[in-house]
1. For the pair Arg281 and Lys540, what calculated FRET efficiency results from E = 1/(1 + (r/R0)^6), where r is the Cβ-Cβ distance and R0 = 45 Å, to the nearest 0.05?
2. Please report Trp338, Trp41 as a ranked list, fewest other C-beta atoms within 10 angstrom at the top and most at the bottom.
3. Taking amide H positions as placed in the peptide plane 1.01 Å from N, state which residues far from Val221 in sequence (5 or more) or on other chains have amide H under 5 Å from it.
4. Within segment 411-506, which GluC sites (Glu not before Pro) sit in a loop by DSSP and count at most 10 neighbouring Cβ atoms inside 10 Å?
5. So for the pair Ala561, Thr603, with labels modelled 7 Å out along Cα→Cβ, what separation do we get in nm?
6. Please go through the residue pairs Lys376/Lys618; Lys234/Lys376; Lys418/Lys622; Lys418/Lys443; Lys212/Lys540; Lys291/Lys618 and name each one whose alpha carbons sit more than 28 Å apart in this structure.
7. So if we plug the beta-carbon distance of Glu387 and Asp359 into 1/(1 + (r/R0)^6) with R0 = 22 Å, what FRET efficiency do we get, rounded to 0.05?
8. Starting from the Cα-Cα distance between Leu473 and Gln330, subtract it from 0.36 nm times their residue separation and give me the gain in nm to one decimal.
Amino acid sequence: MALQRSESLHRSPRLRPLNRIMVNILLDGMLAALAAPFARWLAAPQDGLLHPLWFLAGGAITLLVSGLPFRMPQQYWRFSGVSDLLGIAGASVASAVLFSVGLVYAGFRLPSPTFPIIYALVLLIMLGGLRIGYRLAHRLAARKADQRRVVLVGVDTEADLYLRALERNPAAGIRVVGMVALGTHQAGRRLHNVPILGHVNEIDVVLDRLDKAGTLPESLVVTDPSFRGAALTKVLDAGAAHGISVLRTPALTDLTPAERVELRPVPIEDLLNRPQVPLDRAGMERLVGHKTVLVTGAGGSIGSELVRQIAMLGPERLILLDHGEFELWQIETELAEWASHVPREVVVADVRDEPRIEDVMARFRPELVFHAAALKHVPIVEANPAEGLLTNVHGTRVVADAAARNGARAMVVISTDKAVNPSSLMGAAKRAAEMYCQALDIKARTSGNPEAMRCITVRFGNVLGSTGSVVPLFRRQLERGGPLTVTHPDMRRYFMTVPEAVGLVLQASVRGTCGVDGSGTDALLRDGGIFVLDMGEPVKIVDLARQMIRLAGLRPEEDVAIRFTGLRPGEKLYEELFHGREAPVPTDAPGLLMATPRVVDLTDVTQAVDQIAACARKGDVKAALHILSLLVPEFDHNPTGEVRSVAPPGAAEEAGMAAGHSGAIQTRGPVEGPDGSRKQGTS
């Protein structure tokens, strides 16, 4: 008995398509049987409507035979579209011709010469009309009173596809009541019978009008994936002012299955008004392809993204170096899943361990070294100054020297905007590392030896979603219901996404190693120039917090509170990308600017780094900081996190330069004078 029940369960799903086909055949046959006498009456009204049964049977049989090549019995009425109607049209014409020929061969005259045309049209109207009526009835039956009302922002291919997907899935419970155009001259028109209410620049007016009419939607849904930045922020603000959420449609490819239609939150990255920068992909492949590449800090946010993008460029071998076992395991596991063809080595090592780093460099002899290993969290480095100095200053020197001794073609050093007029130990240490790499690179570029290792420094600000970034912190706080903690109402930071930052780092690597004869960029590099990523405009952290609350569908200060906690040790309100009054210099590579900060002779900076490392190892932090202040005279330490008035550009550097006269560190290169002019000299 159980076996019979099991067999019946297995057979029933197979029988369902056959049952549907039989129903289609029965309904189409009945319609054709009715269409035949009706078409004869239209062609010859004087003959009446009464006809013999064979006339009805002939109409049904000829349609069923004619419909087979057009697969009419297999049509899914609920999803009938243009292709189905074309099939019906073809079957109707074929049936009319076949029926007419059959009448003639049977010895009956045609009711009129136009009978085949009339019969084909009657069949087309009856068969197509029934399918369209069934589809509309199904859509009306599936509509629920509690459907979510939305307005689409964007009248484009994505909007068209999204409306079609909703049409095929009424159970999604979403009803589009209007659209807002991104282009001009579209207001007043309709797409799939949905009205275009206005332009996105008039979003406030459109929502006010809907609010007064009592038809305000529950959500605004952005369809264009390239719609972001300030325009998207304006839409978010308009939605927040009217108490409605802003969402995105799924990706274009995700809309293809009609069974599932979902809306997604707007990612915080879309609020950055950053146009896509064209990258020199061919140059990157020439730089990395068939080379042994070593990445320090390979398990970190920047290091792991470097590993991902380098792996796609076809290196001969990829060396992943980090002191954290778990972080290395994560990135190695990820590579094993999608880049298993790339030969790679996993190395656990501390960049401060000179014998270990020398052994790694001698063993693998990398041609390219990307140095992303560093201690980056400002308050933690303030609490552990010796460790920060040893890792960020001494560790950078260890990696650079070992790479140069073992034949590396280039070393790329990841720096930070916190190195500019630093107020923290972390920023001052990174500036000292920059200075060592500047001096090393100047020596290589002016030595006349084309085999000497280039040392390229790339400076940029915060990256969204990185370890220790404010965005993951805000997300965790939102999950707990708040409050969101912001250090100060005026705190501003530069932001870009991790993939974008790493892409531009690789762009800078190409530009720094493959010079252009007579280029101004190369001349700046010979004078100690540093690449700076074009970060756009700084973002207020409190505005970022408010937007993240709105993106979660909540209201700032009402649903989720924002609490100000005060500056932490070493922090300052504003970060800078350039020293003093130094103007950003454009380069011949898109997305890259050039800074020309003060440089120090390699012998002097080496001596200073040795002294800093020796003092840090002994735990004499005071002496280490004194030497660091001489090396980086613009270092204005803020260990208590006090709010300081923002000095005009260049004031901090001028004050630091004056303080540096009493030290033994000789600086040369571009030096800023009291009037803001830059000149060659020493201080």
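1. It comes out at approximately 0.85.
2. In increasing order of surrounding Cβ atoms, one gets Trp338, Trp41.
3. Result for Val221 returns Val151, Leu152, Val153, Leu247.
4. Glu451
5. Result: 6.2 nm between the two label points.
6. Lys234/Lys376; Lys212/Lys540; Lys291/Lys618
7. Between Glu387 and Asp359 the formula returns 0.45.
8. 49.4 nm
Laboratory data are not the source of any read-out in this text; all were calculated from the coordinates shown. The structure displayed is predicted, hence computed values, not measured ones. Cβ coordinates were reconstructed from backbone atoms using ideal geometry, including for glycine residues, and neighbour counts include every protein chain displayed.
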